1. Name the one entry in 575, 566 that is in the same structural domain as residue 502 (by TED's automatic domain parsing), over 27 Å from the mean Cα position of the chain (by Cα), crowded, with 17+ Cβ neighbours inside 10 Å and not in a strand (DSSP E or B).
2. If you go through the stretch 674-693 one residue at a time, how many are surrounded by 16 or more Cβ atoms within 10 Å (Cβ to Cβ) and free of Cβ contacts under 8 Å to residues at least 40 places away in the same chain?
3. Name every residue in the stretch 309-331 that is assigned to a loop (DSSP other than H, G, I, E, B) and either under 30 Å from residue 184 (Cα atoms) or modelled with pLDDT under 95 (or both), in order of residue number.
4. Any residue that is free of Cβ contacts under 8 Å to residues at least 40 places away in the same chain and surrounded by fewer than 19 Cβ atoms within 10 Å (Cβ to Cβ) - is there at least one of those in the stretch 225-248?
5. Just name the residue that is surrounded by the most Cβ atoms within 10 Å (Cβ to Cβ) out of those in the stretch 115-144 that are over 30 Å from residue 447 (Cα atoms) and under 13 Å from the mean Cα position of the chain (by Cα).
6. If only one of 103, 11, 74, 66 is surrounded by 15 or more Cβ atoms within 10 Å (Cβ to Cβ), farther than 24 Å from residue 362 by Cα and modelled with pLDDT under 85, which one is it?
7. Please verify whether residue 279 is farther than 30 Å from residue 356 by Cα and surrounded by fewer than 17 Cβ atoms within 10 Å (Cβ to Cβ), treating the condition exactly as stated.
8. Among the residues of the stretch 329-351, write down those that are closer than 22 Å to residue 285 by Cα and surrounded by fewer than 16 Cβ atoms within 10 Å (Cβ to Cβ).
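The values are calculated or read from the model by the stated rules, or taken from the named source; none is laboratory data. Note that this is a predicted model, so its numbers are computed, not measured. With ideal geometry, Cβ positions are generated from the backbone for all residues, glycine too; neighbour counts draw on all protein chains shown.
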């Protein structure tokens with residue numbers, strides 16, 4: 001608490017000093033002249049005190065504000081314009097200055113390709129952007145398949161029957177990564193089981209992956225990082241999009257997007273998705289379906305209204321999915337009883353609606369926004385003999401205001417958050433109900449000195465109806481000592497409320513008894529890390545190398561213990577240590593024009609105190625490797641992509657299978673290959689996933705007797721699918 005109070009006092013002193021300096025600061029506007037001789041604001045012009053390093057840049061309205069210095073002259077410059085030096089003594093403020101073109105030339109068009117993945121250079125938080133171009137390098141049916149070429153995120157099956165997938169970031173499960181779409185929380189609670197499959201790949205404009213703690217404005221749930229999904233927008237250049245996909249398992253999928261500009265102020269977009277897999281396949285002859293049979297329908301409609309200073313968006317998404325899995329002879333009407341075929345049935349309906357309202361003030365870099373979002377999620381399931389019915393109603397509201405103190409080098413953000421979660425779960429006639437109300441306020445200060453230094457400090461205080469007052473401090477920093485070197489550091493705290501049934505639904509696909517030894521406390525953890533990025537050239541070929549180290553340590557964690565014995569899973573609060581240390585190096589480059597490669601390696605040191613013993617987290621590789629290479633012909637008619645993933649060995653639970661001496665799984669390699677033929681208006685692509693066909697041997701323990709006490713389909717460490725061939729078609733139309 002003393003450190004928090006000290007931090008707040010420092011922020012207060014900075015604010016007071018800036019308010020005092022505001023009366024002495026220099027402000028003004030920079031313009032350019034158009035063909036008609038009208039003054040047009042010039043954004044991005046550089047203003048620096050002569051013979052100093054004190055400066056700033058203009059905003060979208062051409063405005064700047066600058067602290068006084070010993071010099072009395074300002075240098076104003078912009079690429080393509082004559083640099084001017086002006087005397088400020090005796091002049092009235094704000095200044096108004098017009099830059100003149102250095103020379104007149106005929107109009108030219110300059111085109112450049114941006115990498116399919118890149119780091120946000122000016123963001124103090126380490127954030128990697130995965131663009132739609134990167135998503136097309138591998139078959140991307142949904143979000144769970146969007147990270148095949150990403151070195152930081154691992155995706156794997158959570159069990160051998162239902163088809164549910166989970167991600168890992170910094171060596172920890174995806175529940176510790178804050179999931180958002182356009183800064184709205186998503187995949188919380190019930191959606192944590194199959195939520196990754198609820199986001200169609202062709203709907204996504206980009207994915208932003210942040211490591212470490214996120215901004216306090218997004219809440220307190222970011223422990224390992226944050227993944228933010230940006231959907232396609234009705235005001236973008238894409239008019240329509242069509243995609244057809246089919247694979248050798250019998251899955252077929254269709255996607256379509258269409259945009260309408262109703263008038264200059266109103267636009268809308270409709271996105272449609274449908275997928276189906278009805279083919280019963282059992283390649284390993286264990287009497288269980290290799291993949292669940294699924295039918296999913298998904299609609300998303302968004303509207304935008306924009307005038308000069310106001311903007312509002314309204315969107316609604318609806319998804320319906322039916323999922324059937326289990327033994328090949330299990331059908332929808334099969335009764336769940338001993339002696340009948342073992343099966344799993346899920347029926348899910350998900351409704352999400354949101355509204356965004358924003359106001360842009362006349363003052364530069366000043367705005368206020370309000371986000372409202374509602375989620376209604378219903379899920380009915382039969383899992384062997386277990387009946388699981390669940391409903392979730394959630395509301396999220398976030399009010400945020402942004403402005404600056406003194407000049408735009410000192411920005412502040414503040415606001416208030418309200419969240420309501422109601423869960424009504426019943427597992428085998430045992431009710432698990434809870435309501436959680438969270439009221440929070442937050443503040444964040446950012447100091448920016450040109451593009452050399454950025455510091456961001458934030459704190460939020462939340463009143464949680466179940467766990468009391470939660471205080472979340474976070475700090476980020478970025479420094480560029482030279483233009484090609486970027487160093488980032490971060491530290492902060494995070495919390496999350498356990499939803500232990502939905503988040504461990506993979507353990508329901510077994511005969512294990514569920515033993516809850518104590519009520520869950522809120523999970524609480526600290527995160528600290530450093531990232532270094534260096535750009536360089538070899539024979540004029542551009543390269544970039546990024547090295548980072550992160551540590552997450554828990555003050556409390558709700559443990560799912562599958563080591564104690566074979567017939568039960570025990571839930572209890574952490575008694576001892578739990579931490580994750582990850583170290584990663586990633587090299588990207590273009591050794592030959594149009595030939596892009598990525599080479600990465602990561603070490604995971606993840607340990608938990610399980611049954612009073614600190615030991616490695618089970619079913620997770622100690623190290624990971626990634627190699628990707630992509631080549632596009634100069635004519636832009638062909639694209640070739642190859643991906644190799646290496647997964648190192650890891651610990652098996654003490655009671656894995658029927659062999660007590662089996663305590664490790666061995667390293668393995670998977671490969672993906674895709675070829676794309678590009679025509680003028682559409683693309684055709686074919687590919688294969690898991691080229692080597694490697695799969696985990698006997699992923700279902702006691703598959704020959706699914707009603708026995710040792711039956712378990714939850715202990716998965718490797719691929720479940722052999723070679724999977726696919727083909728697809730996509731077409732875009734532009735406005």
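1. Working: 575 fails: crowded, with 17+ Cβ neighbours inside 10 Å.
Selected residue: 566, the only one of 575, 566 that is in the same structural domain as residue 502 (by TED's automatic domain parsing), over 27 Å from the mean Cα position of the chain (by Cα), crowded, with 17+ Cβ neighbours inside 10 Å and not in a strand (DSSP E or B).
2. The initial filter retains those residues of the stretch 674-693 that are surrounded by 16 or more Cβ atoms within 10 Å (Cβ to Cβ), namely 674, 676, 678, 683, 685, 687-691.
Those still in the list that are free of Cβ contacts under 8 Å to residues at least 40 places away in the same chain too: 688, 690-691.
Selection size over the stretch 674-693: 3.
3. Here is the first cut: in the stretch 309-331, the ones assigned to a loop (DSSP other than H, G, I, E, B) are 309, 328-331.
The one that is assigned to a loop (DSSP other than H, G, I, E, B) and either under 30 Å from residue 184 (Cα atoms) or modelled with pLDDT under 95 (or both): 309.
4. Checked against the condition, which is being free of Cβ contacts under 8 Å to residues at least 40 places away in the same chain and surrounded by fewer than 19 Cβ atoms within 10 Å (Cβ to Cβ), the stretch 225-248 yields at least one hit.
5. 143
6. Values: 103 fails: surrounded by 15 or more Cβ atoms within 10 Å (Cβ to Cβ); 74 fails: modelled with pLDDT under 85; 66 fails: farther than 24 Å from residue 362 by Cα.
Exactly one residue qualifies, and that residue is 11.
7. Working: farther than 30 Å from residue 356 by Cα: yes; surrounded by fewer than 17 Cβ atoms within 10 Å (Cβ to Cβ): yes.
Here the answer is yes, as residue 279 does meet what is asked.
8. Hits for the stretch 329-351 are 329, 331, 332, 338, 339, 340.
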